[in-house]
1. Rank these for me by crowding, 55, 27, 122, going from fewest to most other beta carbons within 10 Å.
2. For labels at residue 171 and residue 54 in the simple 7 Å Cα→Cβ model, what's the distance in nm?
3. Between residue 38 and residue 248, what is the FRET efficiency for a Förster distance of 41 Å, r being their Cβ-Cβ separation, to the nearest 0.05?
4. May I ask you to compute the full-extension gain from residue 68 to residue 97, defined as 0.36 nm times their residue separation minus their alpha-carbon distance, rounded to one decimal in nm?
5. So if R0 is 25 Å, what FRET efficiency would residue 288 and residue 180 give, r being the distance between their Cβ atoms, rounded to the nearest 0.05?
6. If each residue of separation counts as 0.36 nm, what is the full-extension length gain between residue 239 and residue 86 once their alpha-carbon separation is subtracted?
7. Using the number of other C-beta atoms within 10 angstrom as an exposure proxy, rank 90, 118 with the fewest first.
8. Taking the Cα centre of each part, how many Å lie between the range 228-297 and the range 29-53?
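Taken together, the values in this text are just the output of simple stated rules run on the coordinates, not laboratory data. Computed from a predicted structure; not experimentally measured. Positions of Cβ are backbone-derived with ideal geometry, glycine not excepted, and every protein chain shown enters the neighbour counts.
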């Protein structure tokens, strides 16, 4: 059974899960076909929504995963993979008679005329600071959410359709709306995955244990608080020794080291997301001075906070 405070913890983590969606193609295939996808750069996670039919998702050195209509597959680490027809030979590397068109809103790939046997909406999500995020380090190479499994997956499918509709229509505000929908989509994927797949390590593992989840929830509720080990143990309903052992076993770090890591992750998000002063951000995540915050930030990310903010501004999309 999941800890009762898990939903609140996920709500607290949501601001750290900002993503930007990019729809790439609507694929309509019949007969034999295969679509190869190279590895993505840091922070990009491909996704495939199966709107019709079935297909196979193949990652190197792993068994193929069957995807059916309504399924959503996300590859959090952006690994190379191939999507192919369910009866297409494993050694197929391309699609014969592939044609490229455009609706004016999205690219279309097809290899036949008339109704397609399989229809996919393919794209990718840009995860902010994914390579430094405690959450993504714990996720598997592919997360699959299936419509027939639970009500969350139905809503997830509706969210993906809403993202598609917003970007296709390209009305004023569509990009901002789609980005917020994609953030909600990611949280739902994590929740559905967490519900079905017990996680033994990392942040999600901490959320799967009642005592450590309580400690994480307390930190997220007040990251600026001067937390000590005794207070966190009290929040968790565990002894100091038990809490330290649980954090070390699950996350590979002690509770106070985890606190520092999470604070700096929150601070980095605040730096890139707004115009708050460094002193204000330092106070909001529990540092007694701007200089102490700056030193800790530079040790963790290799940049001073101001440099990170300027670099983030330069990289931000127009």
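1. 122, 27, 55
2. The answer from the label model is 3.8 nm.
3. Approximately 0.65, to the nearest 0.05.
4. The residue 68-residue 97 span can extend by a further 8.0 nm.
5. Computed FRET efficiency for residue 288 and residue 180 comes out at 0.15.
6. 49.8 nm
7. 90, 118
8. 38
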